[in-house]
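Taking it in order: structure first as structure tokens, then the write-up.
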Amino acid sequence: MSVEPSECLPLSLTRRIEDFPIGNRPLSEHQRLVIGEAGLSIHPKAWLTREDLSEFLTSGRSTLMDAAETALAWHGDAPDPDSCFPAQTSFLIHYPWDLLRANEQCVAGLTENVIMGEVHPSAVIQGVIHLGPGTRILPGVFMEGNVVIGANCKIGPNCYIRGNTSIGDACHIGQSVEIKNCLILSKTNVGHLSYVGDSVLGENVNFGAGTTTSNLRHDGKNHRSMVNGLLIDTGRRKLGAIVGDGVHTGIHTSIYPGRKLWPNTTTRPGEIVQKDLRS
């Protein structure tokens, strides 16, 4: 596939942002569901909320704009900067952590359980869960907050899943693992004794035992991340790792907050990832 220049590296190296799954559904599908029969044009990287769209459609304005005055959706062939309606919760996905923000909104908005897999009687679920067919929730699992899990996954035993987390198909989240507020794509394994918080993990990632992502600065300030040679304020007080497809970590790997790992990179046992790890 051709790779377009993007501030959403490394995630955009292996798929278009509009194809990126949020709550286990591609961004483009979310857009179609929200727009419905409204007949609007839409920016391919826009995350739209129903609340914003409803107010926009009754505003009499022709263009929905985000805080940076980028057109998210509009009537007609082109945006009209003189007829704008300001979005409150919709935004354009510029950076990898914007995908995490969209996933938070998506999963937090779930209202009804959809359980097509198997939940062991000793598992505890406190929140709304969407569980795909063939997925098994093993003994001792504790889920707190809303969680989306795809098909044919194995979760547990004895792990802690905290909302708002989405986990793709054919994943394994194993013994004594804690996952908090993450977006995890299909065929990814976090096998045992690991902590992953406020992070995005691509497809076919394997975290060795004891891999830990840090997500909080000691001074409590927002995390900054290097993009095109500049440190960008992410606007997030908590941000873990941004991990591309096919990354493998050695046991007891520690990853500094906000660090990005390029697709197919690896770490050695006990390695500390202090800077973005590029292939």
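The values are calculated or read from the model by the stated rules, or taken from the named source; none is laboratory data. What you are looking at is a predicted structure, and each value in this text was computed from that prediction instead of being measured. In this analysis, Cβ positions are derived from the backbone assuming ideal geometry, glycine residues included, and neighbour counts consider all displayed protein chains.
Odds and ends about this structure:
- Test: residue in segment 65-78 that is of a type in the set (Phe, Trp, Tyr), more than 22 Å from Leu185 (Cα to Cα), touching a strand residue (DSSP E or B) at 6+ places or on another chain (Cβ under 9 Å) and in a strand (DSSP E or B): yes
- Checking every residue in segment 17-33 against the condition of being more than 22 Å from the chain's Cα centre (by Cα), over 21 Å from Gly235 (Cβ atoms) and either assigned by TED's automatic domain parsing to the domain that holds Leu230 or surrounded by 13 or more Cβ atoms within 10 Å (Cβ to Cβ) (or both) gives zero matches.
- When the strands (runs of 3 or more DSSP E) confined to segment 142-225 are screened for residues that are over 18 Å from Pro26 (Cα atoms), within 15 Å of the chain's Cα centre (by Cα) and at pLDDT 95 or above, those reaching at least 2 such residues are found at 160-162, 178-180, 195-197.
- Segment 234-250, subset touching a helix residue (DSSP H, G or I) at 6+ places or on another chain (Cβ under 9 Å) and either surrounded by fewer than 24 Cβ atoms within 10 Å (Cβ to Cβ) or of a type in the set (Phe, Trp, Tyr) (or both), residue nearest to Glu203 (Cα to Cα): Asp245
- Where strands (runs of 3 or more DSSP E) fall entirely within segment 83-139, those with at least 2 residues that are free of Cβ contacts under 8 Å to residues at least 40 places away in the same chain and either buried (at least 20 other Cβ atoms within 10 Å of the Cβ) or not assigned by TED's automatic domain parsing to the domain that holds Asp169 (or both) are at 84-86, 129-131.
- Unique match (being assigned by TED's automatic domain parsing to the domain that holds Lys180, assigned to a loop (DSSP other than H, G, I, E, B) and surrounded by fewer than 18 Cβ atoms within 10 Å (Cβ to Cβ)) among Pro269, Pro263: Pro269
- Residue check: Ala67 meets all listed conditions (1) loosely packed, with under 12 Cβ neighbours inside 10 Å; (2) within 20 Å of Gln105 (Cβ to Cβ); (3) over 23 Å from the mean Cα position of the chain (by Cα) but one, namely (3).
- Single unsatisfied condition, Pro44 versus (1) free of Cβ contacts under 8 Å to residues at least 60 places away in the same chain; (2) touching a strand residue (DSSP E or B) at 6+ places or on another chain (Cβ under 7 Å); (3) under 12 Å from Leu92 (Cβ atoms): (2)
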